[in-house]
């Protein structure tokens, strides 16, 4: 059994041309419809790109280059799932970094409050502690920026690696 994936085809005829070579497109279309009840071939333009497509054997037709054995199709599907998961993870890390940076910046703003400065001028222990709080908050801003930059680099490298693997498998 062989598989492929939707690639944004708008019509069944486009999919048939990509998956099969030879004469007999009507027979190929019937076989595809029968083998893929999960695919709405009447609204193929609304099917998500990357949807698995079972490519049945059709007498008199050869499968084309974009058709893979089950193992390769499974690997492609797994890599696509990893790609989607990495995108979600990147968004989460970015949101976490933004929240850390926002919290640290809010702390720095509160440290400029005139009432806090007045209290610090009257309390030696508070006055001695404030520079450390400022340094810690500034360090958090830098840590958040570094976390965001590192995440972007890792995500870009992971995307490039996944794309390279998919190129080999497809």
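Scan segment 140-170 for residues that are in contact with a helix residue (DSSP H, G or I) (Cβ under 8 Å, 6 or more places away or on another chain) and more than 30 Å from residue 19 (Cα to Cα) and the total you get is 10. Among residues belonging to segment 39-55 that are over 16 Å from residue 162 (Cβ atoms) and touching a strand residue (DSSP E or B) at 6+ places or on another chain (Cβ under 8 Å), point out the one that is modelled with the highest pLDDT. By that ranking, first place goes to 39. Taking (1) farther than 22 Å from residue 166 by Cβ; (2) part of a loop (DSSP other than H, G, I, E, B); (3) in contact (Cβ under 8 Å) with a residue 24 or more places away in the chain in turn, residue 31 satisfies each apart from (2).
Is it the case that residue 119 is closer than 30 Å to residue 24 by Cα and either in contact with a strand residue (DSSP E or B) (Cβ under 7 Å, 6 or more places away or on another chain) or surrounded by 13 or more Cβ atoms within 10 Å (Cβ to Cβ) (or both)? Reasoning before the result, please.
Details: closer than 30 Å to residue 24 by Cα: no; either in contact with a strand residue (DSSP E or B) (Cβ under 7 Å, 6 or more places away or on another chain) or surrounded by 13 or more Cβ atoms within 10 Å (Cβ to Cβ) (or both): yes.
For residue 119, the condition - closer than 30 Å to residue 24 by Cα and either in contact with a strand residue (DSSP E or B) (Cβ under 7 Å, 6 or more places away or on another chain) or surrounded by 13 or more Cβ atoms within 10 Å (Cβ to Cβ) (or both) - is not met.
All conditions in (1) part of a helix (DSSP H, G or I); (2) loosely packed, with under 14 Cβ neighbours inside 10 Å hold for residue 112, with the sole exception of (1).
The residues of segment 66-90 include none that are in a loop (DSSP other than H, G, I, E, B) and out of contact with any strand residue (DSSP E or B) (no Cβ under 9 Å at 6 or more places or on another chain). Of the listed requirements (1) surrounded by 13 or more Cβ atoms within 10 Å (Cβ to Cβ); (2) in contact with a helix residue (DSSP H, G or I) (Cβ under 6 Å, 6 or more places away or on another chain), residue 10 misses just one: (1). Is it true that residue 160 is in contact (Cβ under 8 Å) with a residue 40 or more places away in the chain and within 23 Å of residue 49 (Cα to Cα)? So residue 160 does not fit the description; no.
The values are calculated or read from the model by the stated rules, or taken from the named source; none is laboratory data. This structure is a prediction, so every number in the text was calculated from the model and none was measured. Here Cβ is always computed from backbone atoms with ideal geometry, including for glycine, and neighbour counts include all displayed protein chains.
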